[in-house]
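A.B. asks: Dropping a structure here in structure tokens format, bear with me for questions.
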Amino acid sequence: MKRLSLQWRITIMTALLTCAACVLMNCLVGYTGMRYMDAIGSDISAFNAAGVDSPQAFDPTKAALDDEVTIVVNDAQESFGTTAWYITAGVTLLGGVLAYFMSGRALKPLRDFAAQVERVQPDNLSEIRLSEDVPAELQRCSASFNDMVARLGEGFSAQRQFTGNAAHELRTPLALMQAQIELFVSEHPTSQPQTAELLGLLQEQTERMSQMTKVLLEMSELRSVPCEDDVELGPLSEEVLTDLAPLAEHKDIALNCSGGALIIGSDTLLYRLGFNLVENAIRYSRPGSTVNVSICDNDTHVFLRVEDQGPGIPKEYRESIFQPFFRVDKSRSRACGGAGLGLALVWEIATLHSGSAEVESSSENGTVMLVDLPKRTTAQSDR
């Protein structure tokens, strides 16, 4: 019963109630009717066929009359009972059909309400507001939902503002630390091995923290970037591969790109999306392997795939990898220089373009990352 829609539940309950009412009425009327039919013999009157004006009573116990009357009464009883059950079945069926369509009409405001809720996305919390021109039963729900969305929007805005402010505040001391360490290394080229190792570790970690604050700052400023550029993904991907060629050559990894499509969005953000995906693929691919970037489209969507030949991603982590600071293998991520923000930024950029990012397939032979972006017209982007 729980798997049935509310409309079907109302229909079934209405049909059962109608059926029960008809059965009870049928039993009551049938019992009463047949009882009186059984007693009809004691009051039967007949007119004299010879033309006697006044009716004459007859005795129903006489064989000549009793057989005929009994047959007539029994036939009437059977016909009455059969007709009553047919009427019961017909009324139940008609009641169920009417209940289905009437309940569908009555539930239309609820379906409209659900459709409005489905349009709410993380990137439009400040713009979407449910209509309160709904039946009285849904007005309170609509108002509460609007209040909840408003609070969520304020919370996300405060979170982004805090992230941006923290990243801004961290950039200056990190830059000073990097400068001081580099100055010390240049002034003491013949440091002891332990000192040189410590300085190398400090340089590596401050660089990692600088990259992390840079990504956090980018994530906090995503919402302010306009997404109205005509972007050719083919040339954009070629540019990404060119910029990452030194990293790929260092690991002896070949880079391939095929396909192309036009999309309306932010050239800067889409470049960053492709850069993070390809960089992640290079870092985790085996030396001597290949990273393939392919772009295709249909009438409504553009599909960007990045395929590597790395160790794969376990099934239980294929959604978690898009969360900030999540890393499948923390030791391997540190060795590869990852901070757990690259794919989180990919997901944010895809969502900002009303798209999605996911692991399309993954095995021990490699992983295919898929970004699905809807095609948008200029009019849609202006909204």
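The values are calculated or read from the model by the stated rules, or taken from the named source; none is laboratory data. No experiment lies behind these values; they were computed from the predicted model shown. Please note: Cβ atoms are built from the backbone with ideal geometry, for glycine as well, and neighbour counts cover all protein chains shown.
A.B. asks: Taking into account only those residues within the stretch 207-224 that are at pLDDT 75 or above and touching a Leu at 6+ places or on another chain (Cβ under 6 Å), which is surrounded by the most Cβ atoms within 10 Å (Cβ to Cβ)?
C.D. replies: The selected residue is T213.
A.B. asks: A further question follows. Taking only the stretch 129-185 into account, find how many residues are of a type in the set (A, V, I, L, M), buried (at least 16 other Cβ atoms within 10 Å of the Cβ) and more than 30 Å from P109 (Cβ to Cβ).
C.D. replies: Residues meeting the conditions: 6.
A.B. asks: Has the stretch 280-295 got any residue that is under 17 Å from E348 (Cα atoms) and assigned by TED's automatic domain parsing to the domain that holds S356?
C.D. replies: Yes, the stretch 280-295 contains at least one residue that is under 17 Å from E348 (Cα atoms) and assigned by TED's automatic domain parsing to the domain that holds S356.
A.B. asks: Name the residue that is modelled with the lowest pLDDT, counting only residues in the stretch 258-290 that are aliphatic (A, V, I, L, M) and either within 27 Å of the chain's Cα centre (by Cα) or on the phi > 0 side of the Ramachandran plot (or both).
C.D. replies: Among those residues, the one meeting the criterion is L269.
A.B. asks: Under 6 Å between Cβ atoms, at least 6 apart or on separate chains: pull out the pairs that start in the stretch 206-231 with a residue that is under 17 Å from A158 (Cα atoms) and end on any residue that is charged (D, E, K, R) and modelled with pLDDT under 80.
C.D. replies: S220/R160
A.B. asks: Going by the conditions given, is L241 surrounded by 16 or more Cβ atoms within 10 Å (Cβ to Cβ), in a helix (DSSP H, G or I), modelled with pLDDT of 85 or more and not acidic (D, E)?
C.D. replies: yes
A.B. asks: Just to be sure I understand the filter: pairs with C-beta atoms under 7 Å, separated by 6 or more residues or on different chains, first member in the stretch 169-184 and within 12 Å of K214 (Cα to Cα), second member at pLDDT 80 or above. Which pairs pass?
C.D. replies: Filtered contacts from the stretch 169-184: L174/T206.
A.B. asks: Right, next: Could you please find all residues in the stretch 188-213 being outside any helix (DSSP H, G or I) and in contact with a Gly (Cβ under 8 Å, 6 or more places away or on another chain)? Working first, answer last.
C.D. replies: As a first pass, look at the stretch 188-213 and keep what is outside any helix (DSSP H, G or I): 188-192.
Scanning the stretch 188-213 gives no hits.
A.B. asks: Right, here's the next one. Considering only residues of the stretch 289-310 that are touching a Lys or Arg at 6+ places or on another chain (Cβ under 8 Å) and more than 12 Å from G259 (Cβ to Cβ), which is surrounded by the fewest Cβ atoms within 10 Å (Cβ to Cβ)?
C.D. replies: The qualifying residue surrounded by the fewest Cβ atoms within 10 Å (Cβ to Cβ) is D299.
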